[in-house]
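What follows is one structure encoded as structure tokens, with my remarks underneath.
Taken together, the values in this text are just the output of simple stated rules run on the coordinates, not laboratory data. Predicted model, so just to flag it, every value in this text is computed and none were measured. So basically every Cβ, Gly included, is an ideal-geometry build from the backbone, and we count neighbours across all protein chains shown.
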Amino acid sequence: MLKNSRKSTILVRRSPLSPTRGIVQAGPLRLPAAIGRSGIGTTKREGDGKTPVATMRILSAWARPGRMPGLSTALPLRRSRACDGWCDAPEHPAYNRPVRLPHPASAETMQREDRLYDFVVVLDWNITSRARGRGSAIFLHIARETYAPTAGCVALSPADMRRLAPFLKCGSRLRVIL
């Protein structure tokens, strides 16, 4: 177990109020979150809308320049550019990897029109040990103002992401439970 594990593991569980809402717990913090449109599940497939039950290492982060001033993190940080994308095509060799846009296969932009990817934490879901179709782009990112469900990610308000940022370190884990 990691030293000071209360700060090393961020816990996500379903809210009793809705199957598409979650509660993120880190140290003394309890933060409302949006989760997958299909809730939390033990099996995950590309496009199913589930937030996977898993313990995922926190790997790195992306930030869109000028969108989240004052947010500080100890994570390796990559500034997103208009040409940055993330491949979500299971048949492509770059599946669940960052890619340069335009990309010959399906890929989402890391500079979305909305605020969702203004700050993105990359979680080790199907990255270190990849399997085609097991799900891609499972991130911790910014929520819609209404906390509308995600495609499988965990999403927080910008203010809550700033509050959580000190807990985001390499080696930390995000654990999603039923």
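Listed values, structure above:
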read-out: Choice from Val53, Val121, Val24 with maximal GNM fluctuation in the chain (Cα, 10 Å cutoff); value: Val53
read-out: Magnitude of the charge dipole, the stretch 77-178, Cβ model with Lys/Arg +1 and Asp/Glu -1, debye to 20; value: 420 debye
read-out: Mean residue ellipticity (222 nm) of the chain, computed from DSSP H runs ≥ 4 via -39,500 (n - 2.57), nearest 500; value: -1500 deg cm²/dmol
read-out: Structure-derived P(r) over Cα pairs in 10 Å bins from 0, in percent - corresponding label in (i) 11, 40, 39, 10, 0; (ii) 10, 36, 36, 14, 3, 1, 0; (iii) 9, 34, 31, 19, 7, 1, 0; value: (i)
read-out: Cα-centred dipole magnitude for the chain, charges only on beta-carbon of K, R (+1) and D, E (-1), debye, nearest 20; value: 640 debye
read-out: Zone residues, the stretch 146-162, relative to Arg30, backbone N less than 19 Å from point 7 Å out along Cα-to-Cβ; value: 155-157, 160-161
read-out: Positive-end extreme of charge dipole, the stretch 5-176 - chosen from Pro166, Cys87, His141 (charges on Cβ); value: Pro166
read-out: DSSP-loop GluC sites (Glu not before Pro) across the stretch 94-170, with at most 11 other Cβ within 10 angstrom; value: Glu113, Glu145
